[in-house]
Amino acid sequence: MRPARAVIDLQALRHNYQLARDTANAKALAVIKADAYGHGAVSVAQALESQADGFAVACIEEALELRQAGIRAPILLLEGFFEADELALIVEHDFWCVVHSLWQVDVIEQAALAEPLNLWLKMDSGMHRVGIHPSEFQAAHRRLLSSGKAAKVVLMSHFARADELDSARTDEQLAIFQSARAGLPAEISLRNSPAVMGWPTVPSDWVRPGIMLYGATPFDQPQSVADRLQPVMSLESRVICVRDLPAGEPVGYGGTFIAERSMRIGVVAMGYADGYPRQAPTGTPVMIDGHRSQLLGRVSMDMLCVDLTDVPGSGLGSDVQLWGKNILISDVAAHAGMIPYQILCNLKRVPRLYSGR
């Protein structure tokens, strides 16, 4: 059997969720959209359900998968509904629903619902992606309450630059939000992972930890809370072939790496079809039998090459960690010109094995 695999440490996941909740001193929706950032949404939800205040996903398809797996905790639809006929399913399965556009307010007012909805009204405080304009926010809130279709309305927004700890934009967005929602007696939700860790003075009754659940930092610098995260996924494989190359010989497609000395090269069963980034260059760190080494040459679809020259005892069958507790995914992302979110969401084909159940 091909040795490539992703090992998911559910105990580390639970640690990271509790760290988010304790740091924020607030209720926390575990964000498990995009198949829990590649970690397996059902398994992650099952591991957290007894601990979590609820979950957040992108859309109703992701939410239905969780309900069908027996998850009964609250589930928030971060993109809300796309068609009016989804409202019946939202009521049936007791989903919570973001309202980010006035057309959604119109649909809710006109809908015949068996039960009122738990709604999260989203303001565009400056990210300019989705959200009600600040000047229209209070009117939208009044409309939802007066419609009789809302059991509860939580007020929310999303920060565009909370991962930039020296940016003034987060404080600017907070000021816009607070001004536009002044006088509305409701719970609020403002803090995503970087805001939970890096912006402790931002108020939030509910927080929405995503990337930090999985033990990856959103910051490009050390940060005290991020330093306490535990990596959840270890992407692992083995050396399946060894080559002894003299100086001057190329490695891989395009010959982008040329051996500068006599070298031992290991071929690893891992490639971009598994989700390892093709653009990761020579020098990207890997761990071989517990020793730090590096990627060599261009990543192929199913294989990549690593440097065994200075790794004592390494050879055929050597264990290789591509990222995990010893090789942080943020380091791999930095070398590849990517972000950890992107790399994790790209994971495919490799089987996921779970520990710490």
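Observations on the structure shown:
- Taking 10 °C and 1.306 mPa s as conditions, the chain diffuses translationally at an estimated 72 µm²/s according to Stokes-Einstein applied to its Kirkwood radius (Cα pairs).
- Of the chymotrypsin sites (Phe, Trp or Tyr not before Pro) in segment 75-178, those whose Cβ has at most 13 other Cβ within 10 Å and which sit in DSSP loop: F82
- Other residues within the sphere of radius under 13 Å centred on the Cβ of Y276, judged by their own Cβ, net out at +2 (K and R +1, D and E -1).
- Violating pairs (Cα-Cα greater than 31 angstrom) within the set K33/K325; K27/K325; K152/K348: K152/K348
- The residues L78, L190, when put in order of fewest to most other Cβ atoms within 10 Å, stand as L78, L190.
- Mean residue ellipticity (222 nm) of the chain, computed from DSSP H runs ≥ 4 via -39,500 (n - 2.57), nearest 500: -8000 deg cm²/dmol
- Rounded to the nearest whole Hz, the Karplus-based 3J(HN,Hα) values (6.51 cos²θ - 1.76 cosθ + 1.60, θ = phi - 60°) of segment 272-281 follow the sequence 5, 5, 8, x, 5, x, 4, 7, 4, x, with x at glycine and proline.
- In this structure, the amide hydrogen of V154, modeled 1.01 Å from its nitrogen in the peptide plane, lies closer than 5 angstrom to those of L119, W120, L121, counting only residues at least 5 positions away or on a different chain.
- ³J(HN,Hα) computed for each position of segment 210-215 - Karplus, 6.51 cos²θ - 1.76 cosθ + 1.60, integer Hz, glycine/proline x: x, 4, 5, 4, 9, x
- Gyration tensor verdict on segment 31-171 (Cα atoms; rounded if a/c is under 1.5, prolate if a/b is larger than b/c, oblate otherwise): oblate
- Residue with peak Gaussian network fluctuation, the chain [Cα springs, cutoff 10 Å], from I108, I211, I258: I258
- Within the chain, longest stretch clear of exposed GluC sites (Glu not before Pro) (DSSP loop, no more than 12 other Cβ within 10 Å): 84-259
- Highest-MSF residue in the chain out of A56, A259, A24 [GNM, Cα springs under 10 Å]: A259
- Within-12-Å neighbourhood charge of A259 [Cβ basis; K, R +1; D, E -1]: -1
- Selected from M123, M263, M197 as most flexible by GNM, with the chain as the system and alpha-carbon contacts under 10 Å: M263
- Under 13 Å, Cβ to Cβ, from E92 - net charge with Lys/Arg +1 and Asp/Glu -1: -3
Read the figures in this text as sums done on the coordinates, not as results from a lab. Predicted model, so just to flag it, every value in this text is computed and none were measured. With ideal geometry, Cβ positions are generated from the backbone for all residues, glycine too; neighbour counts draw on all protein chains shown.
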